[in-house]
Amino acid sequence: KCVLYWPEKRGIYGKVEVTVNAVGESEHYTTHSLTLKCGNQTRVLQHYWYTSWPDHKTPDSALPLLQLMSDVEADRRAAAAL
């Protein structure tokens, strides 16, 4: 699978501190709400990790990927409305 490039709870990468605020599990993907701090700047972002991709081949169906794309777009629109 993939090497995790984000911390389980909190990690420091150079000058950037990354904190995991929440984790959401779906059938085909996992979401992480992350806070990134660098100096006096802070950003909150949503990280999507597609977990259903099979090793050494392509998915049998595109439907889970299309659902992920739809969910990302819905989350983007909801965040823009805030």
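The values are calculated or read from the model by the stated rules, or taken from the named source; none is laboratory data. The structure presented is a predicted model; accordingly, all values stated were derived computationally and were not measured. Positions of Cβ are generated from backbone atoms using ideal geometry, with glycine treated the same way; all protein chains shown enter the neighbour counts.
A compact table of results
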| item | result |
| --- | --- |
| Among the residues listed as A78, A22, A62, A74, the single one being at pLDDT below 95 and not polar (S, T, N, Q) | A78 |
| Count - residues of the range 46-82 that are polar (S, T, N, Q) and either in a helix (DSSP H, G or I) or in contact with a Pro (Cβ under 8 Å, 6 or more places away or on another chain) (or both) | 3 |
| L4 being modelled with pLDDT of 95 or more and of a type outside the set (F, W, Y) | no |
| Strands (runs of 3 or more DSSP E) wholly inside the range 1-45 containing at least 2 residues that are more than 11 Å from the chain's Cα centre (by Cα), closer than 30 Å to Q67 by Cβ and free of Cβ contacts under 8 Å to residues at least 60 places away in the same chain | 16-25, 29-38 |
| Residue pairs meeting the criteria (Cβ under 9 Å; at least 6 apart or on separate chains; first surrounded by 10 or more Cβ atoms within 10 Å (Cβ to Cβ), in the range 61-82; second part of a helix (DSSP H, G or I) and charged (D, E, K, R)) | none |
| Total residues in the range 55-78, condition in contact with a Ser or Thr (Cβ under 9 Å, 6 or more places away or on another chain) and over 15 Å from E27 (Cα atoms) | 1 |
| Pick from the range 6-50, criterion surrounded by 11 or more Cβ atoms within 10 Å (Cβ to Cβ) and charged (D, E, K, R), ranking: farthest from A78 (Cα to Cα) | E17 |
